[in-house]
Each structure stands twice: as C-alpha cells, then as structure tokens.
Amino acid sequence: MEAFFAWLNGIIWSNALIALCLGAGLWFTVRTRVMQVRGFAEMCRLTVTGQKSDAGVSSFQALAISMAGRMGIGNIAGVATAIAYGGPGAVFWMWVMGFLGASTSYIECTLAQIYKEKDAEGRYRGGPAYYIEKAMGLKWYAVTFAVATVIATGLLLPGVQANAIADSASNVLCGAAGCEAVGGVGALKLWIGLGVAAVLALIIFGGIKRIATFAEIVVPFMALAFILMAVTVMIVNAGKVPAMFADIFSSAFGAHAAFGAIIGQAIAWGVKRGIYANEAGQGTGPHAAAAAEVSHPAKQGYVQAFAIYFDTMLVCTSTAFLLLSTGMYNTFRTVTENGKDTLVAIVSGVPGLQPSEGAQFTQAAVESVLPGWGAGFVALALFFFAFTTIMAYYYMAETNLTYLAGVKKTHPLATLLLRLGIVGMVVFGAYHNAAMAWTLGDIGVGLMAWLNVIAILILQKPALIALRDYERQKKLGLDPTFDPDALGIRNAHFWKKQA
C-alpha cells in the first residue's frame, strides 16, 4: 500500500505540476503588473482594517484563518525536508515561489470573494468549487474539486500535522531514557494523538466563529514568537551568516561544489515545499478569503497576497536560517542502483535523521544554541502551528461539504461524519510513520493544486477587472465598492444584490 501511494505521489508531483505552479505565478505577476510590489503598502493597511458581521468575519480574522491553514508543519518540518532533498538552494526557490505565489493568491482569493454566497444558515461561503461553477459553468468540475478537497483536508492532510506534533513531543518527552513508563514511544504518540483530537473536537464543534476567534489570538502570537527565536539564534551565530547566504545562492544555480549535482532537486523541492507551506494556488486560502466582510473583493485579495509574504518570507525563512546557520541539517542525493533508489548523504549535520523527520532538525538547531529547552520550544511552536492548521482544514472541508449540499442545509449526519473523520485521522496520523503521513499529505495538496491552478488560469479575468476597478476608485479618493454588472462580470449574485 505504501509503495502504491508513493507511486501515485510521484505521478501527481511530476515536473509538470512544478512547472505549472511556477508558470502560473509568473503569468499572474505580469498580468497584475507586479501588484505584490506595487500594492505592498495597501496590503499592510487592509490587513488591520475592516469589520466583521453576523454573516462574515473581519479581514484580519479571515487572514488569521487562512494563515492558520498556511502556517503548519510545512513551515518547520517541510523546510527541513526541502533542504534535506534539495540542499540550501531549495530555500532560494521557496522565496521565488513565495514572491510569485503572492499574485496567484490575489487571483484565487479575489475570485472567491467575487463569487461567494450565503449558505442556508446565513454565513458567507466560497472557494474554488463556487467560482468554478459560477464563472466556468462546469458543475462536474466544481463537484470534483469539492470532493477532492473534502478528502484532502478532511482525511489526508490532518494526519501530517498530527504526526509532526506527536514526533516532536515524543522527541522531548522520551529523550534517551525512552518511554517505557507509558508503554514505549508508540503508546506515547497514540496518547498525544488522542489528546490533540479531544481539543480539536471542542473547537470544531463550535463552528466558524469559534475557529476565527481562536485563530485571531493564537496565529500572530505563535508566528512572532518563532521569528524572534530565529533572530536570537541568528545573532548568536552571526559569524556564519555570510557563508549561509553564499550557500543558498550558489547551490540554487548549481554553482556550489557539493550541491551542484542536485540543482534539479533544489528547484523541485523548493517549489513543492513552498506550495505546501504558503498554499498559493492550492485552493485552500480562498475558502477563508470568501468569509471576510469587505466592500470590494480586491480588498481581501490584497490581504491574502500579504499572507504569502508573511508565511514564506518570514516564517519559512526563519526555519531555514535556524537550520543553515547552525549546520543542523542533512542533505541527500538519490542514487539508483539495480532499479532501486538509495539516499546518499552529502551533508550530515544531524547523523541518523531522515528527511521525513523534519521537525527534529529544527529542534536540534535551537537546542544547539539554547540547550535544555530549545527542543521543547520548537515542540510547543509546532503544536500551535500544526493544531491551527488542522482546525483550518476542517473549515475548508466543511465549506466544500456545504457546497455539495447546494441550497439545502448540510445534513447533520454528513457534518458529524466529517468531524469524526478528521478527529479520527488526527489519531491515526499521530501514531503512523512520518513518511506515510507526508506521502498522503502531498497527494492531497497535489490533487487540489492541479484542479485549482488550471481553473484560475482560465478564470483570471474577473479578478484582473476587480484589481483595475479597485485601483481606479482609490485614485479618486474613494473607499472602493463593487458593482459586478457595471464591470461586465456575470453570476456574481451576492454582489449584485449589494450594488
């Protein structure tokens, strides 16, 4: 079974998907006239303004929900995995994906706002399934995305986050003495999974408002604390910083003596983990973006573009600098002999650790500078990163379940099964091995990315029209409002009622 999933993952995450994501980001950067640079000040302003309503959440709360989904183990363990397979050069390609991905995020999140609607309970709902049906007119395509997202965010992805929580916690709690008192490492991870599942159930049974409130408080605090930790470690290792930057740029283009042979892996894993971390183009961010109460769709597009910068340029970069400045990372190249792939170490900063054990690299990095409590700090940070991501995954799965229900209220049994399913997968993921968890997670991300990137490349026009309309009204000194009929945008039923 594991061999089958590994084979399927290889097909989904072929070079074609990597080229598609990079190409889409470059195309949207050109079409939006580099809005992620021109509009940076506006992104920052809109992030802290806006208001919530009975139907929707504030722009900041929507940002917090989407950031909860973006800032998961991809920011800690995923970065370490990218460096393990692609070397320091993978960090550069993560930056490229983050920069280009900001424009991709603008397009998909603005589309989600344009084509959002109210569900049977009066709450804003939206996302790729909604804009695929309304703008493209392909119901079967929309249903396909919705089903894929329910499976991915409700079943496949939560296990990756739970596994990282359990691995990092057991690494701290067991140590050299082992965990015989509780029946071994496996038993401890099972108990951790049950504990995380119980806390998750308390929140997700409270609905979107409780999720938004929790994310609004936890996400900014955990991100800033982690960045501060990275800055502290960088200061302690200031003398190694110039060499670290040299390694990043030289290996990104194949000029480094040790890493030159794996430039293809650097690009592939930098893009792959970049998408996993910031989720630009994956189709997850638009769900939270649609829930925001704004006067113009482009406002939330700007806010969500800023989210990519924050996630990739600050949080992911913090992890990368932790690893590279301390030397606590491993890098491997793949050697094929007799039809079998074998990993051969190029760098062994932490001997014995495998690429799938990414969180432990970060723990080793902080522990090397702050012995005694560094590993515990990373475990705690990873818990909050991963837990809020699982919480956001539930919201995304619920939104697509609502879409599949149509005008009717989602059947209580379907909602209950989804909640029980995601809680169960948290326990399963915490107990199962990391390699399998990552493979399933990658399959989920890849399926959504294929479906969504193709859709937004076809449907980009309304988002570009909204951008020009927003900029025009801003030049006139107005607080932009949105009239889809005046702009020639069809089927934006919610905004037509507001105009």
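The values are calculated or read from the model by the stated rules, or taken from the named source; none is laboratory data. Worth saying up front: this structure is predicted, and the values here are computed from it rather than measured. Positions of Cβ are generated from backbone atoms using ideal geometry, with glycine treated the same way; all protein chains shown enter the neighbour counts.
Here are the numbers for this structure:
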item: Residue ID - surrounded by the most Cβ atoms within 10 Å (Cβ to Cβ), chosen from residues in the stretch 361-388 that are of a type outside the set (A, V, I, L, M, F, W, C) and not in a helix (DSSP H, G or I); result: Pro371
item: Selection status of Met391, at pLDDT below 90, buried (at least 24 other Cβ atoms within 10 Å of the Cβ), aliphatic (A, V, I, L, M) and under 29 Å from Tyr106 (Cα atoms); result: yes
item: Flag for Gln161 being buried (at least 24 other Cβ atoms within 10 Å of the Cβ) and within 19 Å of the chain's Cα centre (by Cα); result: yes
item: Qualifying residue in the stretch 347-360 (condition: without any contact (Cβ under 8 Å) to a residue 60 or more places away in the chain and in a strand (DSSP E or B)); result: yes
item: Selection count, the stretch 362-396, where residues are under 15 Å from Val350 (Cβ atoms), within 23 Å of the chain's Cα centre (by Cα) and not aliphatic (A, V, I, L, M); result: 2
item: Considering residues of the stretch 111-134 that are buried (at least 24 other Cβ atoms within 10 Å of the Cβ) and small (Gly, Ala, Ser) only, the residue nearest to Thr32 (Cα to Cα); result: Ala112
item: Total residues in the stretch 456-499, condition among the acidic types (Asp, Glu), surrounded by fewer than 19 Cβ atoms within 10 Å (Cβ to Cβ) and farther than 14 Å from Gln113 by Cα; result: 3
item: Filter result (buried (at least 19 other Cβ atoms within 10 Å of the Cβ), of a type in the set (A, V, I, L, M, F, W, C), modelled with pLDDT of 80 or more and closer than 18 Å to Phe384 by Cβ) within the stretch 177-225; result: Ile192, Val196, Ala197, Leu200
item: Cross-chain or 6+ apart pairs with Cβ under 6 Å, the stretch 314-331 first and in contact (Cβ under 8 Å) with a residue 40 or more places away in the chain and of a type in the set (Phe, Trp, Tyr), then surrounded by fewer than 22 Cβ atoms within 10 Å (Cβ to Cβ) and not in a helix (DSSP H, G or I); result: Tyr329/Gly349
item: Pairs with Cβ under 7 Å, 6+ apart, first in the stretch 90-101 and under 18 Å from Phe28 (Cβ atoms) and small (Gly, Ala, Ser), second at pLDDT below 90 and outside any helix (DSSP H, G or I); result: Gly101/Ala280; Gly101/Gly281
item: Residue in the stretch 140-153 that is under 29 Å from Met244 (Cα atoms), touching a Leu at 6+ places or on another chain (Cβ under 6 Å), in contact (Cβ under 8 Å) with a residue 60 or more places away in the chain and not acidic (Asp, Glu) present; result: no
item: Considering residues of the stretch 84-99 that are over 15 Å from the mean Cα position of the chain (by Cα) and surrounded by 24 or more Cβ atoms within 10 Å (Cβ to Cβ) only, the residue farthest from Arg38 (Cα to Cα); result: Ala84
item: Test: residue in the stretch 296-304 that is assigned to a loop (DSSP other than H, G, I, E, B) and within 17 Å of Ala463 (Cα to Cα); result: yes
item: Residue, modelled with the highest pLDDT, within the stretch 146-170, restricted to residues that are over 11 Å from Ala359 (Cα atoms) and hydroxyl-bearing (Ser, Thr, Tyr); result: Thr149
item: Residue match in the stretch 140-147 (condition: polar (S, T, N, Q) and surrounded by fewer than 23 Cβ atoms within 10 Å (Cβ to Cβ)); result: yes
